[in-house]
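First the structure, in the form of structure tokens, and then the observations on it.
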Amino acid sequence: MSRIVKSPPAEPAPPAAAQGDAGRYLLRPAALADLPALELLAEASAIGISSLVPDRALLRDKLERSLKSFAADDDVSGEEHYLFVLEDRAQGGALVGTSGIAASAGFHDRFYSYRNEYVVQVSPELEARNRIHTLHLCHDLTGVTLLTGFHIDPAHAAGVAPQLLSRGRLLFIAQFPERFADRIASEHPGLADDSGRCPFWDAVGRRFFDMDYPAAEQLASGPQRTLIAELLPQSPIYVPLLPEEAQWSLGQLHPVAELPFQILLDEGLDADTYLNLFDGGPTMEGRLPLLRSVAARRVFADARDAGRSLRQGRWLVANARVQDFRASVCSGPLREEDLALLATDGGPLAAAPLPVGPGGDTA
Amino acid sequence: MSRIVKSPPAEPAPPAAAQGDAGRYLLRPAALADLPALELLAEASAIGISSLVPDRALLRDKLERSLKSFAADDDVSGEEHYLFVLEDRAQGGALVGTSGIAASAGFHDRFYSYRNEYVVQVSPELEARNRIHTLHLCHDLTGVTLLTGFHIDPAHAAGVAPQLLSRGRLLFIAQFPERFADRIASEHPGLADDSGRCPFWDAVGRRFFDMDYPAAEQLASGPQRTLIAELLPQSPIYVPLLPEEAQWSLGQLHPVAELPFQILLDEGLDADTYLNLFDGGPTMEGRLPLLRSVAARRVFADARDAGRSLRQGRWLVANARVQDFRASVCSGPLREEDLALLATDGGPLAAAPLPVGPGGDTA
Amino acid sequence: MSTSLPVAAGAGRVGPEVAWRLRPVSDHDLPRLAPWLPPTADRRLPEPQAAERWWLLETPEGPQACVRLRPAIGRDRLRHWYHVGCVVHAAPSLGLFHPQNTLLLGNDHTGAAELADLAWDPDLDLPEQAAALQHLLRAALLLLARDRAQLGAQLIVELPGLRDEAGRSPFWEGLGRHFYPGEPQEALHRFGPAWRSHVAALLPRQLVYVSFLPEAAQAAIAQVPPACHPLLGVLAAEGLRYGHHITIDEGGPVFEARLDTLPAVLQVRRRNLVEARPRGEWASTTWLVAADEGDEVLALPARGTSPQTLAVPADWAAAGLSGPRWTLPLAV
Amino acid sequence: MSTSLPVAAGAGRVGPEVAWRLRPVSDHDLPRLAPWLPPTADRRLPEPQAAERWWLLETPEGPQACVRLRPAIGRDRLRHWYHVGCVVHAAPSLGLFHPQNTLLLGNDHTGAAELADLAWDPDLDLPEQAAALQHLLRAALLLLARDRAQLGAQLIVELPGLRDEAGRSPFWEGLGRHFYPGEPQEALHRFGPAWRSHVAALLPRQLVYVSFLPEAAQAAIAQVPPACHPLLGVLAAEGLRYGHHITIDEGGPVFEARLDTLPAVLQVRRRNLVEARPRGEWASTTWLVAADEGDEVLALPARGTSPQTLAVPADWAAAGLSGPRWTLPLAV
């Protein structure tokens, strides 16, 4: 085994890059002009984690907050929420997805989760040994950076689009570490059916609140989240005391979130430690430098430098600008038009190898 | 920036490798014949974490257990405790250090530690917000692999010897993952003075046991450890209620353990989460694949393969044998005699780059 | 300051037999009561429509003691106490047996009725203090029995905890202080008795081992200052007991009882008051009497002539004290 | 089975006035008592030198009830109970106010004296059951008062919890079962009453919110089976109260009291027994009498003639019942 890597010959692009999607999608900060398109996306039954409500006023607030966040300079406070949109250039730049980043979970307040813990208790006389699963209300994730609101048009769920939509955010975070924590988390919805039945909520939260899950979910997404957390038991919840259905639902993912979950699992986020307070869904968590796209990230001085190096494989490529952030998926060797799309303005670029599929290996 | 690495020219060895210690030290499993030398080492005031008592019967037990552990084949149980010794070949193979690995912490039982936790409580009316530090009795580290008993002759504490003595174990673990957990921990002594005063014990343990620290320490190193843990409070200890001296001592390292601690800190073990139950010293912990020597470890098919690749820099090199395990520090380009020392018997070798100093960068 | 003792229903002064009465505190009593009240006490008159009441024991020599009734606590503002528990750490193989006291913050007495801020004239002799407190308590229990339907099932009385000469509570210094660095006196001044609900949000929510507290704080748990000793005996005699709860600010003991099993409450009867027509020697004892409405309790010599009737002296009957009343003998 | 009632100190049978006595259980009583005992009861006679005692109420018609005294519990083997507490979850801004009951495992009554395994003849009428229990308890309290120095400060009585027709405890099924899958009956059979100490090591050590338990388990907390209702009244009348602790296996209530403030204990006096010389009508009541040694309590008609003396009928005095004895009137 040798670490010498030969300069690749000018052979045809490998199969992974032959999908023709290279350069098709563009990830960029959402603009006010995206409002109608976002509203359409919110109305459509899109795949993903929807924190997108088809309410124009709310969407406008969200957009304006994001614009302010991208515009923030040295004065980042942690309150920033960045909203990205995904353009399909094959459809004239139509908006086909959106995702976000909350700079600091629970900004100005605690961000609560349940942490899985296991206690072993032994009775030598009874020859019995229990490994008891308990849930601890904790605010370990306070201040971490949250990946939020992944949302994609189902027509684009199969190709590189979701990869760009999710992982592109990590390049942005890695590019501007002063705006973010070095610990990343992401909440994913747990099991709940269309009628609003949620086994975890019904077994836990409902005992402390006289409201059903949809009402709680709505409260939980607002400023009352902390208040609600504080009304939950402060002592550990003994899982064996929960109804079986609720026990089974712990850490279970709602099928609608399978795609964004798999992408982040592949990035190396851990899904076994934390649970969402309300629905028991998995809250993933990991250290930024250890995430796959960040660890394998390469930085180039300019587009020419990048062009020279990225000669094969499929790459997530992003510029290093804030308000004019652009990220795309390119196949090596890079084409002029790919690089133009990224609008580097002569500045540096970063690239990370893109895996073939959400659970697959690096191409 | 390019990933192409040129084959290095046959230039003189870099300064780091010029210390002349290359090939001087050899790490190997302890043999029964080492008993008198180990006894001498135990009697001398050696630097490090001493679980070595100058008691011939105890040492013989230890050695015999280690021999059985190295000899265990498919039937590893987790009960293994491996004991290594460090030979100084410049002194005709004199024994100058020892270190160990316990395959599974708390084998057959729980392995207790305190975990640092922080709870935030708020009184809006009083405009007060508390971040309360608590210690949770936990057995999170049950079953992890423990690095134990680092112990070196002070005359050899300055060079590569301690590096080999500590990190060589990691190569052994990485070589034989089926014998170990993929989580590594190491306990380090906390503050206690020669008269046996230990601020942490006096503030916590002593309230539940009528014994002073040396007596407790002795109990804690025996089979009673779990029993003692279970006699400690099962609910969190509120740090603000401890005497100030005890608060200050939390996670503080006894100066005698500075050297082995720094080496493992440099390996990437985390020292902020767990504390020793008895003296409040830091218990370090990390995942094996993320440790520096393991992550940067390279495997070669045979000595020739290794010789071709390790042409510069300083390397920790080890063979892939169990009972005949050998590890040494070599400088590139490797010499025949270095390789001979490792007694690979034609089998594979592993190497990891060695940092300059305990806290330094990779050479 | 001496106050006349008019009979509630009647007119003018009553005979010499009247020893004392219980009545609501009014504005003009405040200067007299203020110095008796512990620093933590509420000093405001209850709102006219409030369920809370504030009562005074009035004798011919003036007021001697007062107490506040809270019919059901913990609703308007949360109330917290520590439960004093015990965990044994034992290992026969080590010859170890350590019972450890523990404190757990909770709201265990939520919904209970409370007799709060018991205070009395410290210038009285000790026997007088005990008598005043017994009269006050017994008269209050008569009203509690009458108004039972509006009260919680449990009755509690919080007692003051130990304080040093500078007015500091060793219990607070040893525990609460570590979680709220502010001055309790200032918080009390600013928020009134509600400050304890506010500060409870900062206190440990998990079990605290008492052995982690300084000696002085440990020694103060459930202890009362010597000035309160007369009260201890009176509460015990009436059937209230320390129930292993203490106050969060001073560590003072909380006495408790189930209202429906308190001897005094069980003795309260609605009786018809009739004029006594003594034949020969008339063996009277002191009885407490209250009407269906109003918070006045009169103490007068009378004699229970049947479970349904109470014979009262002619001058009382003449003053209008007749017909059905709520009654309780003073003696335990 | 009918047993004669010899006077402890005297010889032969005594007069018709003797209603009953308390005495230690002996071997030959076991067949009679066995069917009364709850399944969780200890069925062994105490060792001759043990501090533990086991007493029987014996009447002319035979034994009617029995009780075991453990002078200071929780030392030889740990004893555990759940403390039933309350935590309020309130948010005025959401209009939310939820008092939540909680259970916390602990050893709170360690060191207390215990009257254990109270059992009685279920074939008696309900009033007879209540009378038997009152006699048993009061006689036991006389001995407790006499032997006060050897006992803990607190007295507890554990009551059985609810069980369904199959003998299963809904409280255990809802809580303990999740932490120990074995059969309590089998463990009880194998380890005796000590099984509860063993199983406690497996039970939750942190606060358990009652609302996580099934309805049936919640409803069983501190409840006793209907067959035990006579006992509830007797315990209450003697001043024992449910003190918010329950047993860990059945959730039955634990009644408690401070020994030194129990009315019966306060009434116990060492008196000189003298022969009654009635002038005219001799108003006697039933008194309980015990010697300085031995665990026999006799019930007999007598009259307290002063705080220091008790007048007993001539036939009792003739049978040797005179001189100093420990005495207690039967009536509360």
* Within the group C:Leu57, C:Leu144, which residue is over 30 Å from B:Tyr238 (Cα atoms), open to solvent by less than 30 Å² (accessible area, probe 1.4 Å) and in a helix (DSSP H, G or I)? -> C:Leu144
* Going by the conditions given, is B:Asp153 under 20 Å from B:Glu258 (Cβ atoms), open to solvent by 20 Å² or more (accessible area, probe 1.4 Å) and among the acidic types (Asp, Glu)? -> yes
* To do: Would you tally the residues in the range C:175-202 being more than 21 Å from C:Ala41 (Cβ to Cβ) and either more than 8 Å from chain B (Cβ to nearest Cβ) or open to solvent by 60 Å² or more (accessible area, probe 1.4 Å) (or both)?
  => 3
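May I ask you to list the residues in the range A:242-285 that are within 13 Å of the chain's Cα centre (by Cα), in a helix (DSSP H, G or I) and not aromatic (Phe, Trp, Tyr)?
Across the range A:242-285, the qualifying residues are A:Ala257, A:Glu258, A:Leu259, A:Pro260, A:Gln262, A:Ile263, A:Leu264, A:Leu265, A:Asp266, A:Glu267.
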* What's the number of the condition D:Gln154 fails, among (1) within 11 Å of another protein chain (Cβ to nearest Cβ); (2) touching a residue at least 24 places away in the same chain (Cβ under 8 Å); (3) over 15 Å from the mean Cα position of the chain (by Cα); (4) open to solvent by 10 Å² or more (accessible area, probe 1.4 Å)? -> (3)
* Structure fact -> Filtering the range B:80-129 for residues that are under 30 Å from A:Ala229 (Cβ atoms) and of a type in the set (A, V, I, L, M, F, W, C) leaves a count of 5
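Would you call D:His89 modelled with pLDDT of 95 or more, part of a strand (DSSP E or B), at the interface with chain C (Cβ under 10 Å from one of its Cβ atoms) and open to solvent by less than 20 Å² (accessible area, probe 1.4 Å)? Can you show your working first?
Working: modelled with pLDDT of 95 or more: no; part of a strand (DSSP E or B): yes; at the interface with chain C (Cβ under 10 Å from one of its Cβ atoms): yes; open to solvent by less than 20 Å² (accessible area, probe 1.4 Å): yes.
Considered against the rule, which asks whether it is modelled with pLDDT of 95 or more, part of a strand (DSSP E or B), at the interface with chain C (Cβ under 10 Å from one of its Cβ atoms) and open to solvent by less than 20 Å² (accessible area, probe 1.4 Å), D:His89 comes out as no.
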* Does the range D:308-322 hold any residues that are open to solvent by 30 Å² or more (accessible area, probe 1.4 Å) and over 14 Å from D:Asn272 (Cα atoms), and which are they? -> D:Ala314, D:Asp315, D:Ala318
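For the range D:203-213, which residues satisfy the criterion of being among the hydrophobic types (A, V, I, L, M, F, W, C), in contact (Cβ under 8 Å) with a residue 60 or more places away in the chain and at the interface with chain A (Cβ under 9 Å from one of its Cβ atoms)? Full working, then the answer.
Of the residues in the range D:203-213, the ones among the hydrophobic types (A, V, I, L, M, F, W, C) are D:203, D:207-208, D:210, D:212-213.
Checking the rest, the ones that are also in contact (Cβ under 8 Å) with a residue 60 or more places away in the chain come to D:203, D:207-208, D:210.
The answer is D:Leu203, D:Leu207, D:Val208.
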* What about D:Asp123, is it more than 15 Å from the chain's Cα centre (by Cα) and either touching a residue at least 24 places away in the same chain (Cβ under 8 Å) or within 14 Å of chain C (Cβ to nearest Cβ) (or both)? -> no
* Asked: Only one of these conditions is not met by D:Glu293: (1) part of a loop (DSSP other than H, G, I, E, B); (2) open to solvent by 50 Å² or more (accessible area, probe 1.4 Å); (3) under 24 Å from D:Arg148 (Cβ atoms); (4) touching a residue at least 40 places away in the same chain (Cβ under 8 Å). Which number is it?
  -> (4)
* **Evaluation of D:Ala130 against (1) within 9 Å of chain C (Cβ to nearest Cβ); (2) under 20 Å from the mean Cα position of the chain (by Cα) (one fails), failing number** => (1)
* Just one of the numbered conditions (1) open to solvent by 20 Å² or more (accessible area, probe 1.4 Å); (2) closer than 19 Å to B:Ala216 by Cα is not true of B:Leu277; which one? -> (1)
* Structure fact -> When every residue in the range B:126-147 that is touching a helix residue (DSSP H, G or I) at 6+ places or on another chain (Cβ under 9 Å) and surrounded by fewer than 23 Cβ atoms within 10 Å (Cβ to Cβ) is compared, the one nearest to B:Ser331 (Cα to Cα) is B:His139
* Selection from the range A:306-323 of residues that are touching a residue at least 60 places away in the same chain (Cβ under 8 Å) and surrounded by fewer than 18 Cβ atoms within 10 Å (Cβ to Cβ) -> A:Arg311, A:Val322, A:Gln323
* To do: Scan the range C:21-40 for residues that are within 18 Å of the chain's Cα centre (by Cα), at pLDDT 90 or above and not in a helix (DSSP H, G or I) and report the count.
  => 6
* Hey, does the range D:261-282 have a residue that's out of contact with any Gly (no Cβ under 9 Å at 6 or more places or on another chain), of a type outside the set (Val, Ile, Thr) and within 14 Å of another protein chain (Cβ to nearest Cβ)? -> yes
* Evaluate the following for C:Leu78: is it over 24 Å from C:Tyr209 (Cβ atoms) and more than 12 Å from chain D (Cβ to nearest Cβ)? => no
* Structure fact -> Taking the range B:102-122 and the residues there that are out of contact with any Cys (no Cβ under 7 Å at 6 or more places or on another chain) and of a type in the set (S, T, N, Q), the one that is nearest to the other protein chains (Cβ to nearest Cβ) would be B:Gln121
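The values are calculated or read from the model by the stated rules, or taken from the named source; none is laboratory data. Everything numeric here is computed off the predicted structure, so don't read it as measured data. We place every Cβ from the backbone using ideal geometry, glycine too, and count neighbours over all the protein chains shown. Areas reflect the complete protein model, heavy atoms only, side chains present, ligands, DNA and RNA absent. Shrake-Rupley method; radii C 1.70, N 1.55, O 1.52, S 1.80 Å.
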